[in-house]
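To keep things clear, I will list the structure first and then write my remarks on it.
The values are calculated or read from the model by the stated rules, or taken from the named source; none is laboratory data. Predicted, not measured: the structure shown is a model, and the values here were computed from it. Positions of Cβ are generated from backbone atoms using ideal geometry, with glycine treated the same way; all protein chains shown enter the neighbour counts.
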Amino acid sequence: MFSDSVVITVSSGKGGAGCVAFRREKFVLQGGPDGGDGGKGGDVYFKVDNNTHTLANFQGNKTLKADKGQPGSGSNMYGKSGKRLTIVVPPGTQVVDVETGEVLLDLLT
């Protein structure tokens with residue numbers, strides 16, 4: 001079935017929570033903060049594929065979301081970043097903000 005218009009919600013991943021921790025070692029007075037930052041949330045990319053000719057694969061999916069980042073931990077260990085989401089679309093696809101009608105992207109090649 002040919003589909004030339006779909007409405008989907010796309011969101012990037014949420015960043016991971018940071019860790020509140022303090023360094024505690026023998027013979028180290030007032031070690032100070034020791035918590036790591038949370039991982040970065042996944043990004044969203046649109047990729048134009050000349051071999052894709054329809055948007056039918058988005059018919060059932062109303063929400064697409066990138067992975068979230070992992071939380072940080074003690075010893076200044078950072079959380080793992082979320083995986084990015086790549087959305088493959090045919091040439092000529094326009095990404096439009098439904099609320100404002102503004103064309104955000106015009107993907108030709």
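General observations
- Strands (runs of 3 or more DSSP E) lying entirely in the stretch 65-109 (those with 2 or more residues that are surrounded by 15 or more Cβ atoms within 10 Å (Cβ to Cβ)): 85-89, 93-96
- Entry remark, the stretch 33-64: residues being in a loop (DSSP other than H, G, I, E, B) and of a type outside the set (Lys, Arg) number 19 in total.
- Only one entry in ASP37, ASP43 is under 30 Å from LEU108 (Cβ atoms) and acidic (Asp, Glu), namely ASP43.
- Scanning the stretch 1-59 for residues that are of a type in the set (Ser, Thr, Tyr) and farther than 19 Å from SER81 by Cα returns SER3, SER5, THR9, THR52, THR54.
- Residue in the stretch 29-42 that is exposed (fewer than 11 other Cβ atoms within 10 Å of the Cβ) and within 17 Å of the chain's Cα centre (by Cα) present: no
- Filter pass, GLY79 being in contact (Cβ under 8 Å) with a residue 24 or more places away in the chain and within 20 Å of the chain's Cα centre (by Cα): yes
- The set of residues in the stretch 94-109 that are modelled with pLDDT of 90 or more, out of contact with any strand residue (DSSP E or B) (no Cβ under 7 Å at 6 or more places or on another chain) and among the β-branched types (Val, Ile, Thr) contains only THR100.
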